[in-house]
1. Of (1) part of a helix (DSSP H, G or I); (2) in contact with a Ser or Thr (Cβ under 8 Å, 6 or more places away or on another chain), residue 170 satisfies all except one. Which?
2. If a residue must be over 20 Å from residue 157 (Cβ atoms) and touching a helix residue (DSSP H, G or I) at 6+ places or on another chain (Cβ under 6 Å), how many such residues does segment 26-44 contain?
3. Since residue 74 meets every condition but one in (1) more than 21 Å from residue 181 (Cβ to Cβ); (2) in a helix (DSSP H, G or I); (3) not charged (D, E, K, R), which condition does it not meet?
4. I'm checking my understanding of the structure. Among residues of segment 128-161 that are surrounded by 14 or more Cβ atoms within 10 Å (Cβ to Cβ) and of a type in the set (Val, Ile, Thr), which one is modelled with the lowest pLDDT?
5. Is it the case, given these coordinates, that residue 160 is more than 18 Å from residue 107 (Cβ to Cβ) and hydrophobic (A, V, I, L, M, F, W, C)?
Amino acid sequence: MRNLIIIDEGSKHWYRGKAVHFPLMVNAKFVESVRELGLFDLLDLAAKPETKRTEFETVLLKAIHWLSSAQAQAENENVLLNLITCLETFLKPSKEDAIMATIAEGVAILTASGLEARKERKERIKYFYGKRSRLSHEGDGEILLSELHELTVIARELTLQMIRRRGEFKTQQELRDWIEDQKLGGLNPTN
């Protein structure tokens, strides 16, 4: 396969509020990476009629929307809100569960391996969720670029996990049940 470089001079891509142009190199390695990530399947999913999608497939597309929307925001506050909304979209708790703890535990279980890494990830998500709450309810709070980078990586990791595992869950309740099993000593998420 030959390399194909796509440069669209007529359109602008936006990143953090700035117009940028960048070439896209399409070669065999790129195509295989896209296939491994499940992006071709996501294109099929996006084309699927809404009435034919499972609840979880709809959730997956909504979360991807919030993750991608975060990348186009000019203000750090909006990036943070979009990234947290991405996490919430996947891990929305049932009505009786506390939202911050549910999301923090779910993200930790799905994106970190080992007890200490999961504890650390849970605390970081609680920290970010606290920032989101202060921003939403009090209208203030400093957001560092390094924090946004960290949260973006976490949101991407979670989204990739959910893309890879999309066939395991038909509903959010099935995902919640699976997470609860993990908390109570179920299988490691890589199994």
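1. (1)
2. Within segment 26-44, the first condition is being over 20 Å from residue 157 (Cβ atoms), and the residues that meet it are 26-32, 40, 43-44.
If we keep only those that are touching a helix residue (DSSP H, G or I) at 6+ places or on another chain (Cβ under 6 Å) as well, we get none.
Going through segment 26-44 one residue at a time, the tally reaches 0.
3. (2)
4. By that ranking, first place goes to 143.
5. Numbers: more than 18 Å from residue 107 (Cβ to Cβ): no; hydrophobic (A, V, I, L, M, F, W, C): yes.
No, not satisfied.
Conditions (1) in the same structural domain as residue 147 (by TED's automatic domain parsing); (2) within 25 Å of residue 145 (Cβ to Cβ); (3) at pLDDT below 95, marked per residue:
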residue	(1), (2), (3)
69	yes, yes, yes
75	yes, yes, yes
82	yes, yes, no
90	yes, yes, no
94	yes, no, yes
106	yes, no, no
111	yes, yes, no
126	yes, yes, no
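This table checks each residue for (1) assigned to a helix (DSSP H, G or I); (2) crowded, with 19+ Cβ neighbours inside 10 Å.
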position	(1), (2)
51	yes, no
59	yes, yes
67	yes, yes
83	yes, yes
90	yes, yes
97	no, no
105	yes, yes
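The values are calculated or read from the model by the stated rules, or taken from the named source; none is laboratory data. Since we're looking at a predicted model, the values are computed, not measured. Here the Cβ is made from the backbone with ideal geometry for all residues, glycine too, and neighbour counts use every protein chain on show.
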